[in-house]
Amino acid sequence: MTPKWRELADKLAEDIKRGVYAPGRKLPQIRELVEAGEGSKSTVHQAYKALEAEGLVTSSRGHGTVVRQRVPLKRLGIGRYDKAKWRDGDEVAFIADRLASGRSYRRNEQTQTVSRVEAPPAVAAAHGLPEGAEVYARARLVKEGDQPTHTLTSYYRPEHVEGTRLVDPTPGPAGRGGGFRVLYDAGYEIDHMKEEIFARAATADEVRLLQLPPGEPVVELHRTTYTASGTVVEFAIGVHAASRFAWEYDFKVPDSAKGEKGQ
């Protein structure tokens with residue numbers, strides 16, 4: 001049986017999507033819904049917390065529960081890395097997400113800082129480098145208008161990117177097609193990648209940089225990018241405001257038994 005708070009959260013979510021509660025409008029106070037027979041104080045409170053976790057509303061002391069100005073961005077899974085987007089066009093990953101969400105974008109909404117640093121342990125391990133080895137770190141902050149959505153720092157071996165646009169700190173994507181196109185032109189065509197994602201509490205620096213509301217978690221992404229020969233050409237760490245993205249993956253379901261029968 002569906003819990004009462006979940007039923008109420010679903011009902012309110014549908015009202016938000018239909019425009020009953022417009023962006024920027026406050027939801028009724030908890031006591032108002034209790035008096036209207038929607039459930040106990042605890043039920044309404046849980047429903048509001050669920051809507052906040054799903055990115056539909058924000059809650060703060062003194063301001064109540066307010067419908068977000070925008071629904072979360074659709075963050076594509078494997079579709080955002082389609083070679084036709086960046087090799088043959090100019091649709092880098094964050095732009096692919098915006099287009100899939102029906103949202104506008106400007107290329108300068110991605111800023112960046114490039115530096116040569118000692119590889120952190122996870123970076124050294126991903127690239128198969130010894131401790132203390134130097135790598136290039138290309139750190140980006142991506143915004144939608146004035147609101148930050150996520151950070152992404154890519155780490156590269158110097159011999160792969162030296163002299164390319166990937167070590168040029170000019171704001172915006174690294175030229176037409178972005179970083180993957182730069183690697184492609186340098187002879188390092190990406191073939192496959194591994195992504196790991198997990199949620200965690202935000203650090204104080206992340207709260208400030210991403211302008212997070214109190215208590216909002218972040219989703220951390222680790223992306224390892226390989227050539228067909230298995231060479232790691234990029235290891236990236238992204239930190240995403242949890243409520244500003246809806247993650248979407250579309251892929252063919254494998255059937256390993258078929259492969260075994262064919263051997």
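The values are calculated or read from the model by the stated rules, or taken from the named source; none is laboratory data. Keep in mind the model is a prediction, meaning the values are calculated, not measured. Note: ideal-geometry Cβ built from the backbone for every residue, glycine included; neighbour counts use all protein chains shown. Each accessible area value is taken on the protein alone, full model and side chains, heavy atoms only, with ligands, DNA and RNA left out. Shrake-Rupley method; radii C 1.70, N 1.55, O 1.52, S 1.80 Å.
Where the accessible area of the chain is counted over protein heavy atoms with a 1.4 Å probe, how much of it, in %, is carbon and sulfur?
Roughly 51 percent of what the probe reaches on the chain is carbon or sulfur.
Note: the range 75-157, Cα convex hull, 115 Å³ per residue. GNM remark for the chain: springs join alpha carbons under 10 Å apart, and the peak mean-square fluctuation among F251, F94, F180 falls on F251. Over the range 112-175, accessible surface divided per residue gives 45 Å², non-protein components excluded, 1.4 Å probe. Between the alpha-carbon centres of the range 41-94 and the range 225-253 there is a gap of 18 Å. Evaluating kT/(6 pi eta Rh) at 10 °C and 1.306 mPa s, with the Kirkwood radius of the chain over Cα pairs in the Stokes-Einstein relation, gives 77 µm² s⁻¹. May I ask you to list the aspartates and glutamates whose Cα is less than 18 Å away from that of K85, ignoring any residue fewer than eight positions away on the same chain? K85 reaches D97, D185, E189, D191, E248, D250.
Estimated from the Cβ-Cβ distance and a Förster radius of 51 angstrom, the FRET efficiency linking R31 and K83 is about 0.40. Here the sum of -39500 (n - 2.57) over DSSP H runs of 4 or more residues, divided by the residues of the chain, equals -8000 deg cm²/dmol at 222 nm, to the nearest 500. Of the cross-linked pairs K83/K194; K26/K143; K11/K49; K11/K41; K194/K252; K194/K258, those separated by over 19 Å at the C-alpha level are K26/K143; K194/K258.
Sort the following peptides by mean Cβ neighbour count (other Cβ atoms within 10 Å, averaged over residues), highest first: 29-42, 231-244.
Packing order, densest peptide first, comes out as 231-244, 29-42.
Working from Cα pairs under 8 Å separated by at least six residues, relative contact order for the range 114-239 is 25 percent.
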